[in-house]
1. By accessible area of protein heavy atoms, probe 1.4 Å, what ranking do V111, V61 get, highest first?
2. Can you give me the C-alpha center-to-center distance between the range 145-177 and the range 15-38, rounded to a whole angstrom?
3. Given Cβ point charges of +1 (Lys, Arg) and -1 (Asp, Glu) and nothing else, what value in debye, to the nearest 20, does the dipole of the chain about its Cα centre take?
4. What figure, in Å² to the nearest 10, do you get for the accessible area of E30 with a 1.4 Å probe and non-protein molecules left out?
5. On a 1.4 Å probe surface of the protein chains, which of M161, M73 comes out largest in accessible area, and what is the full order?
6. By what distance, in whole Å, do the Cα atoms of the chain stretch along each of the three principal axes, largest value first?
7. Under a 10 Å cutoff between Cα atoms, tell me which one of P39, P118, P131 has the largest fluctuation in the Gaussian network model of the chain.
8. Expected output is a single nm value to one decimal: the length gained when fully extending between V52 and T135, i.e. 0.36 nm times separation in residues minus the C-alpha distance. What is it?
Amino acid sequence: MGAVVLGFGLVTLVLSRGWFAVYTPGPLRERLGLTVFLPTLLGAGMALVDFVAVLPADTNVLIPDSLLFYPTMGFVVEILFHLLPLSLFFLVVPSLAAEPDRSLRVWVVLVAVAVLEPAFQLWFGFSEAVPLWTTVYVGLNVLAINLSQLYLFRRYDFLTMYAFRLVYYTLWHIVWGTVRLEILF
């Protein structure tokens, strides 16, 4: 509930200041490639790494719980690792929002924000030991997800960014998560 309240407050702040959009109408085909194709590739890569390295069983939540768990966690991640730090950056450095051509400085901020989630995941690691190459791959994969999402947020809107994560979570955590728990354990 706290993430919902925080998210509502941050969305209101972001909208009122015109920093980013929550939803922008437009042709879906413009967004479809990055929103569906890229997370599919990233999810397939993780499935392949998992098949070779076999990540711990607790990496995934089983169906039917996963159908509610992952969209909820995705929303929480978007609020805590994207909306909150971006809002703080824009509040602390108001010139970011005021500059007419702010793209380079904004991209520095977006890259800094993109590093937060992979750093968090790598800091807490896995519940069991995994090969170093697997940890490096997971970190780079999560960084690629975050960079892609923040690009979509800047270019389009929050819902497009969130849709990217939902596609990824559906493939990696729900579909492959269900299969992996049956065939690998």
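1. On the way: V111 70, V61 40 Å².
Most to least solvent-accessible, the answer reads V111, V61.
2. Here the two parts' Cα centres lie 11 Å apart.
3. Working: 9 positive and 11 negative charges, 110 e Å.
Roughly 520 debye, rounded to the nearest 20.
4. Spelled out: E30, probe radius 1.4 Å, area about 100 Å².
5. Ranking M161, M73 by accessible area, largest first, yields M73, M161.
6. Here the Cα extents, ordered largest to smallest, are 53, 32, 32 Å.
7. Of the options given, P131 has the highest mean-square fluctuation.
8. On the way: separation 83, 0.36 × 83 = 29.88 nm, distance 1.30 nm.
Residue separation times 0.36 nm, minus the Cα-Cα distance, leaves 28.6 nm.
The values are calculated or read from the model by the stated rules, or taken from the named source; none is laboratory data. Here the structure is a predicted model, which is why all the values come from computation and not from measurement. Using ideal geometry, Cβ is built from the backbone for each residue, glycine included, and neighbour counts are taken over all protein chains shown. These area figures cover heavy atoms from the full protein model, side chains too; ligands, DNA and RNA do not enter into them. Shrake-Rupley method; radii C 1.70, N 1.55, O 1.52, S 1.80 Å.
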